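Please read the structure below before turning to the comments.
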Amino acid sequence: MESVTLAEATTGIEPIPSYRPDEKTRRYDRQLRLWASAGQKSLEQARILLIGADATGCQSLKNLVLPGISHFTVVSDAGAQPPDIATNFFLVPDSMGLPIAEETTRLLKELNPSVEGCSRQANPSQLLKEEPEFFLSFTMILSVNSPPDFDLALSDLLWSASSNESMNPDIPLIVVRNSGFIGKLRLQYRQHCIVDTHAESAFTLRLDRPFQALSDYAKNLDMESMDSMEHSHVPYAVLLVRALERFKAAGHARVSYDNLDAFKETLMSDRRALDEENFEEAEQQAFKVTQTSEIPDSIKALFASPQCNDISPSSRNFWLLVHALKQYTLLPESEGLLPISASLPDMKASTKDYVHLQGLYKDRANGDLELFSQCLEKTLRSVGLDTDAIDKVEVNDFVKNCHWVLCIDGRSLREESETDAQNNAIAAGLSDEMPANYYLAFKVCERFHLMNRRWPLSEEDVQNVLQVIVPEVLTDVGCYAGDSDLLRNAIREIMRGGFGCLPTTSAFIGGIVAQEAIKLITAQYIPLDNTCIIDLVKSSLEKYRL
């Protein structure tokens with residue numbers, strides 16, 4: 001053995017590897033638990049444009065900078081005034097008179113050094129006319145307390161840019177308006193496809209139609225020779241499948257609510273002692289055997305969509321995957337069902353039995369995945385794409401969540417403004433729902449702004465609004481009679497707010513805006529569809545599809 005010097009012996013030791021998470025993982029640990037690395041990757045590629053650097057806009061942007069978006073730009077031609085400094089946390093007394101876009105950008109960037117931020121001192125309306133392509137370079141746009149005519153023009157630009165003919169990506173628009181304690185949030189997107197909706201019950205046990213391996217395991221389980229410990233730890237899913245086999249052998253075609261009690265008697269006949277909690281759990285979960293395993297109606301609707309049936313090389317990955325899923329369900333091996341999920345809920349069971357049961361579901365899920373992959377390869381070849389055109393991780397996520405995938409077709413602001421007579425939800429809520437009246441109050445004030453280029457604030461403006469504009473708006477929504485006092489009070493409450501921001505209201509609305517923005521960016525969770533009215537006078541929130 002070669003000798004070494006003391007210096008070599010003490011300095012030549014290889015460093016012990018650290019298994020601590022890196023700085024980025026530690027910084028974003030909490031949010032990674034919500035939307036995982038795939039969602040974080042989408043966030044880190046997002047470019048956000050904020051129009052309107054008031055308190056509400058900055059609070060919204062703050063909640064996107066902290067999670068780590070890639071870039072944001074603030075556009076405003078205003079200078080910081082005393083009301084802005086009094087309400088906006090991202091302005092300081094020294095900001096007085098300085099460009100509000102530059103000041104808010106400077107302070108927002110301090111929240112997260114990894115986020116790039118810049119400002120542009122320009123009039124948004126003029127910029128939209130002269131450089132419309134500027135707005136098309138972003139992932140998402142937030143328009144906060146902007147003039148109504150600007151919101152409508154921006155909506156038209158983004159909607160036409162994402163048409164099927166243009167082949168451009170959809171750029172979601174979030175329009176926010178608030179006055180005092182009242183706020184309105186409107187989302188515009190042409191189509192939003194979600195694979196991971198984070199369904200509350202992401203399990204497909206398929207107990208009424210158990211697959212062969214599960215059926216054989218349950219049927220051949222020798223419970224008679226088990227000791228008391230083993231007997232009291234058989235998973236409830238296995239107990240239900242065993243009982244179902246015996247129930248059908250007794251002449252029952254299926255379990256329904258009419259004969260559920262009789263099925264429970266069959267189930268509990270295997271019970272040895274009153275303290276066997278697995279049997280109690282099985283009895284509580286017996287209703288699952290009455291649930292028919294079938295393709296959900298929401299998935300059938302996707303199968304019937306022209307975008308599923310008329311695929312092309314330019315089709316979005318989502319629709320290529322849905323088309324392949326439809327072909328999968330036509331195969332005899334699928335039994336007319338969607339791929340099974342490998343996940344299992346918690347059960348009172350021994351580790352050995354639970355792991356074995358989980359292995360049965362995983363084996364079946366892997367087989368379904370392999371069969372689906374074959375269908376996907378045929379789908380891709382049929383439109384002239386390479387068989388690896390869709391990443392395997394994306395394919396695995398789709399199959400894992402295929403029971404709950406969702407596609408929402410949005411509506412533009414223009415459609416809402418031109419088809420108000422169809423807004424039955426608003427008309428129906430006029431008589432006794434304050435949020436519906438707040439929606440109309442905002443609409444009335446926006447129409448006043450379109451006519452006068454300013455917001456209604458004086459008593460003379462109130463009379464003009466009530467006598468001229470209110471009847472027009474009520475006619476537009478197809479409602480000729482409502483509780484006039486409620487609507488009048490709603491209009492006065494909004495006008496009392498002076499179309500300005502309160503710090504507390506701005507913080508609350510900013511949280512909601514960021515939440516919906518993150519849903520759209522990550523394509524996870526189900527976003528708002530499409531309007532939300534916030535009433536912090538009564539601490540209420542109401543959603544409408546308009």
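The values are calculated or read from the model by the stated rules, or taken from the named source; none is laboratory data. Note that the coordinates shown come from a computational prediction; the quantities given were computed from them, not determined experimentally. No Cβ is skipped: glycine too gets one built from the backbone with ideal geometry, and neighbour counts run over all protein chains shown. These accessible areas exclude ligands, DNA and RNA; they are computed on the full protein's heavy atoms, side chains included. Shrake-Rupley method; radii C 1.70, N 1.55, O 1.52, S 1.80 Å.
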Subset tally (residues that are in a helix (DSSP H, G or I) and free of Cβ contacts under 8 Å to residues at least 12 places away in the same chain) for region 383-421: 3
Residue ranges of helices (runs of 4 or more DSSP H) in region 22-134 with at least 2 members charged (D, E, K, R): 23-27, 29-43, 100-109, 124-130
Thr505 passes all but one of the listed conditions (1) out of contact with any helix residue (DSSP H, G or I) (no Cβ under 8 Å at 6 or more places or on another chain); (2) in contact (Cβ under 8 Å) with a residue 12 or more places away in the chain; the exception is number (1)
Looking only at residues in region 530-546 that are within 20 Å of Arg411 (Cβ to Cβ) and either surrounded by 17 or more Cβ atoms within 10 Å (Cβ to Cβ) or hydrophobic (A, V, I, L, M, F, W, C) (or both), which one is nearest to the chain's Cα centre (by Cα)? Asn530
Filtered residues of region 63-84 (kept if open to solvent by less than 20 Å² (accessible area, probe 1.4 Å) and either touching a residue at least 60 places away in the same chain (Cβ under 8 Å) or not hydroxyl-bearing (Ser, Thr, Tyr) (or both)): Leu64, Val65, Pro67, Gly68, Ile69, His71, Phe72, Thr73, Val74, Val75, Ala80
If you take the residues of region 298-345 that are open to solvent by less than 10 Å² (accessible area, probe 1.4 Å) and β-branched (Val, Ile, Thr), which of them is nearest to Thr379 (Cα to Cα)? Val322
Being part of a helix (DSSP H, G or I) and under 18 Å from Arg414 (Cα atoms) is the requirement here; does Val462 meet it? no
When the residues of region 214-226 are filtered to those that are part of a helix (DSSP H, G or I) and open to solvent by less than 50 Å² (accessible area, probe 1.4 Å), which remaining residue is farthest from Gly367 (Cα to Cα)? Ala218
Which one of these is touching a helix residue (DSSP H, G or I) at 6+ places or on another chain (Cβ under 9 Å) and modelled with pLDDT of 95 or more: Asn145, Asn123? Asn145
Any residue in region 497-507 that is under 16 Å from Lys443 (Cβ atoms) and either surrounded by 22 or more Cβ atoms within 10 Å (Cβ to Cβ) or out of contact with any strand residue (DSSP E or B) (no Cβ under 6 Å at 6 or more places or on another chain) (or both)? no
When you scan region 374-383, how many residues do you find that are more than 12 Å from His323 (Cα to Cα) and open to solvent by less than 70 Å² (accessible area, probe 1.4 Å)? 0
Any residue at all in region 46-64 that is at pLDDT 95 or above, more than 20 Å from Phe508 (Cβ to Cβ) and out of contact with any helix residue (DSSP H, G or I) (no Cβ under 8 Å at 6 or more places or on another chain)? yes
Tell me which residues, restricted to region 135-150, are open to solvent by 20 Å² or more (accessible area, probe 1.4 Å) and not in a helix (DSSP H, G or I). Leu136, Ser137, Thr139, Asn145, Pro147
Hey, does region 151-162 have a residue that's part of a loop (DSSP other than H, G, I, E, B) and more than 22 Å from Leu43 (Cβ to Cβ)? no
